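The structure under discussion appears below in the form of structure tokens.
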Amino acid sequence: MRYRIFVLAALLLPAAAPSPLAQSPAAANLRLEGDWVRIDPDGAGSFDGLGASIPPAQLLPGVSAGAGRGGRGRGGRGGPPAAQPTGPNPEGVPYIVVAQPCSGGVGGRSNGALLVNPDSGGVHVIEHKDEVIFAGERGGVRHFYLDGRAHPTPWTPTPAGHSVGRYEGNTLVVETIGFMPGGVPGGGVRTPETTLVERFEVAPDGKRLTITYTWNDPKIYQKPHVYRYYFERAPTVNSGGAAVSYALEEWCDAGDPVEKQSIVPPKQIIK
């Protein structure tokens, strides 16, 4: 009798599988979770070059192109970078890269606005069966809800909108609506009615991430506006016996003489 009960239980196991809403992330080597940094796979050589490589948006007649290029390395810091000298700085004179402190609002960290099109700052992903958290090195968080919820109605537009997602195999697909009006990389435009679909795809070796952006709005675009950003897993360093990513170090305070600067040129020795 005990043997029959065991066989019956084994046959019933498939019926206890999770519901479609309890989505599971990919296998360990393909998981999106972890730290990532944006890269320049085509050798553009600068973030302006990266922005220029984005295909131009095909806008409907009468629609003005947006200012968003998406190519700047540290955009959205609360203000433009300080003016740089035309020649190299002398020994010990740092290059200043932040002109003013980070702040909220469209140009700052609020609502994860910097993470709609990440710049050179590191990003961190945490996967859970009901939600994926997308966080930035310099603040801001986006929430991708996987629990089957619909976009809320009504919704007050925000810099990063409202996002729901699902897994298609190993790919995380995220749909976002409810943006504040603004520009889109490639000269595109967005309004609260514009829809963004992002596909987060990890390469088979687990080391490369591609995010494909598709902006849809029949009142703005002749056809969907599509472009891609590429990332690599952030290198790790040993800290107290644990491997930690170097990428997620908070900085952006222009009031701090150290945080507002980039490299400090060392003494040059010519042999």
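For Pro181, the test of being within 16 Å of the chain's Cα centre (by Cα), in contact (Cβ under 8 Å) with a residue 12 or more places away in the chain and on the phi < 0 side of the Ramachandran plot is failed.
Go through the stretch 33-49 and count every residue that is open to solvent by less than 50 Å² (accessible area, probe 1.4 Å) and either of a type in the set (D, E, K, R) or within 17 Å of the chain's Cα centre (by Cα) (or both).
Matching residues across the stretch 33-49 total 6.
Before we move on, is Thr236 more than 19 Å from Asp119 (Cβ to Cβ), open to solvent by less than 60 Å² (accessible area, probe 1.4 Å) and modelled with pLDDT of 75 or more? Here the answer is no, as Thr236 does not meet what is asked. Looking across the stretch 157-179, the residues that are aliphatic (A, V, I, L, M) and modelled with pLDDT of 95 or more come down to Val164, Leu172, Val173, Val174, Ile177. Applying the set (1) in contact with an Asp or Glu (Cβ under 8 Å, 6 or more places away or on another chain); (2) crowded, with 17+ Cβ neighbours inside 10 Å; (3) not acidic (Asp, Glu) to Thr171 leaves exactly one unmet item: (2). Scanning the stretch 200-219 for residues that are open to solvent by 10 Å² or more (accessible area, probe 1.4 Å), outside any strand (DSSP E or B) and in contact (Cβ under 8 Å) with a residue 40 or more places away in the chain turns up Pro204, Asp205, Lys219.
Within the stretch 158-170, residues that are closer than 26 Å to Gly182 by Cα have Cβ atoms under 8 Å from residues that are open to solvent by 10 Å² or more (accessible area, probe 1.4 Å) and basic (Lys, Arg) in these pairs: Val164/Arg149, counting only partners at least 6 apart in sequence or on another chain.
The values are calculated or read from the model by the stated rules, or taken from the named source; none is laboratory data. Treat the numbers as computed from the prediction; the structure is a model and nothing was measured. As a convention, Cβ positions derive from the backbone with ideal geometry for all residues, glycine included, and neighbour counts pool all protein chains shown. Just the protein is used for accessible areas: all its heavy atoms, side chains included, with ligands, DNA and RNA removed. Shrake-Rupley method; radii C 1.70, N 1.55, O 1.52, S 1.80 Å.
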